[in-house]
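Peer 1: Can you keep this structure in mind? I'll have questions shortly.
The values are calculated or read from the model by the stated rules, or taken from the named source; none is laboratory data. Computed from a predicted structure; not experimentally measured. Cβ atoms come from the backbone with ideal geometry, glycine included; neighbour counts cover every protein chain shown.
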């Protein structure tokens, strides 16, 4: 028996044809799967996109954006989806930072210069979904919004692409066509999904992206052993090291396979750098050495403070945790002003 064709099935088929091409921009996807209107929406009626690939939002940047909105207003409406036009319920599609900034302003106390009620509703483009696979399309739209604007971290991009492939059953070529991106790059990004032994040093800046893509071909335990020792290698050298580690005896311990990879590029597998390095300088008087000055230097890259390598701001609580962990590692503790003072 032939399936009954409806307006919704025709629109869904049109969407599939469009996503099978390489969309020039995310707007083409949005227009194909929705109708839209502009209105102010209560922020209390907006819920997060369950398919949002982005998970990290800097609280300081949100506070800065809130002050900008307070001074100059919202320059670009957020985008929400209304699953049921008869229900005051909306799913956020684009503009999470703007929505968070509005919530900050709505929660501030009233003053002669500030009325929180001004921020209880937010200008929004409201889209009524037409697709028969709304979860898939929410993820596609969220990826277009974030990845195409280069706002996602590598691990968030990797997880987002992997989730889209698992949800739809599409091949990587199909995922690339739907997103208008290079298929090989998507495969490489997706290969990093869940690979914390690679993503952590990549985020810290001790691995480059090409090095990370090469190391994703290794088993996790071997990659973890190798990651600490490939800093400074070129992309080609890293690939040679990975190739040698892959072809080493698979029954050998991970450290031995990593060492085989490093030997292929003329490096040795060395132990971790010491946390504290002691330097001694002689004290001379009248041409004779009369003593020495001893200075203990801390290798910050071997402590939890390495996470601040590229940071310009950090949450107060997180900084406290890093300082606490570093003090515990080194066995040193700051003295509070007045501590131990005798009256």
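Peer 1: Being closer than 30 Å to residue 176 by Cβ, surrounded by 11 or more Cβ atoms within 10 Å (Cβ to Cβ) and modelled with pLDDT of 85 or more narrows it down to one of 22, 70, 28, 98, so name that one.
Peer 2: Answer to the check: 98.
Peer 1: Restricting the range 144-178 to residues that are modelled with pLDDT of 65 or more, buried (at least 22 other Cβ atoms within 10 Å of the Cβ) and within 19 Å of residue 81 (Cβ to Cβ), which is nearest to the chain's Cα centre (by Cα)?
Peer 2: Restricting to residues being modelled with pLDDT of 65 or more, buried (at least 22 other Cβ atoms within 10 Å of the Cβ) and within 19 Å of residue 81 (Cβ to Cβ), the top hit is 160.
Peer 1: Exactly one of these conditions fails for residue 325: (1) under 30 Å from the mean Cα position of the chain (by Cα); (2) surrounded by fewer than 11 Cβ atoms within 10 Å (Cβ to Cβ); (3) modelled with pLDDT of 70 or more. Give me its number.
Peer 2: (2)
Peer 1: Find all pairs meeting these conditions: Cβ atoms under 8 angstrom apart; at least six residues apart or on different chains; first residue within the range 291-319 and more than 23 Å from residue 276 (Cβ to Cβ); second residue modelled with pLDDT under 75 and surrounded by 13 or more Cβ atoms within 10 Å (Cβ to Cβ).
Peer 2: Here the result reads 314/308, each pair linking the range 291-319 to a residue that is modelled with pLDDT under 75 and surrounded by 13 or more Cβ atoms within 10 Å (Cβ to Cβ).
Peer 1: Among residues belonging to the range 118-132 that are at pLDDT below 90 and out of contact with any helix residue (DSSP H, G or I) (no Cβ under 8 Å at 6 or more places or on another chain), point out the one that is nearest to residue 62 (Cα to Cα).
Peer 2: 124
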